[in-house]
Amino acid sequence: MATIIVIEDDADLRQILVDELEDAGHQVLDARNGVEGLEAIKASEPDVIVSDIGMPEMDGYQLRKRLQTCPRFSATPFFFVSALAFQQAIDKGMRIGADAFLTKPVDFDVLLDRITAAVA
């Protein structure tokens, strides 16, 4: 079991992700944007971070860049889940240190496989 934080501004999708991950046996925290997510990450020190890109206040790219500068969290597995399916968005996400980039709609089997591999 891993502790996972899901950062997603779409409330319905956020709840679906939380439910699916909890059903798979993980402890899951959630946040609505990068600002809330950063606070939750600092408070909980999750095993995996799953983040949308396009969010108000602090987007996923900004969040990942902030975490990269913090030794405590720079190595925490970080997965983008985004509707931005064009190659430039994927390349940018990987270039700034994402461990995976999954497109919406989310294939939960792939997400769970990535989480399992990351915490093994």
(request) Would you mind listing the helices (runs of 4 or more DSSP H) fully within the stretch 1-75 where at least 1 residues are open to solvent by less than 20 Å² (accessible area, probe 1.4 Å) and β-branched (Val, Ile, Thr)? (result) 11-23, 34-44
(message) Suppose we filter the stretch 76-89 for residues that are part of a loop (DSSP other than H, G, I, E, B) and either touching a strand residue (DSSP E or B) at 6+ places or on another chain (Cβ under 6 Å) or within 21 Å of residue 25 (Cβ to Cβ) (or both); how many remain?
(response) 3
(message) Tell me whether the stretch 90-113 contains one or more residues that are small (Gly, Ala, Ser), surrounded by 17 or more Cβ atoms within 10 Å (Cβ to Cβ) and outside any helix (DSSP H, G or I).
(response) yes
(message) Which condition from (1) touching a helix residue (DSSP H, G or I) at 6+ places or on another chain (Cβ under 7 Å); (2) closer than 17 Å to residue 103 by Cα; (3) in contact (Cβ under 8 Å) with a residue 40 or more places away in the chain; (4) not hydrophobic (A, V, I, L, M, F, W, C) is the one that residue 61 breaks?
(response) (3)
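The values are calculated or read from the model by the stated rules, or taken from the named source; none is laboratory data. All figures in this text were calculated on a predicted structure; none of them were measured in a lab. FYI the Cβ positions are ideal-geometry reconstructions off the backbone, even for glycines, and counts take in every protein chain you see. Side chains are part of the model used for accessible areas, which takes the heavy atoms of the whole protein and leaves out ligands, DNA and RNA. Shrake-Rupley method; radii C 1.70, N 1.55, O 1.52, S 1.80 Å.
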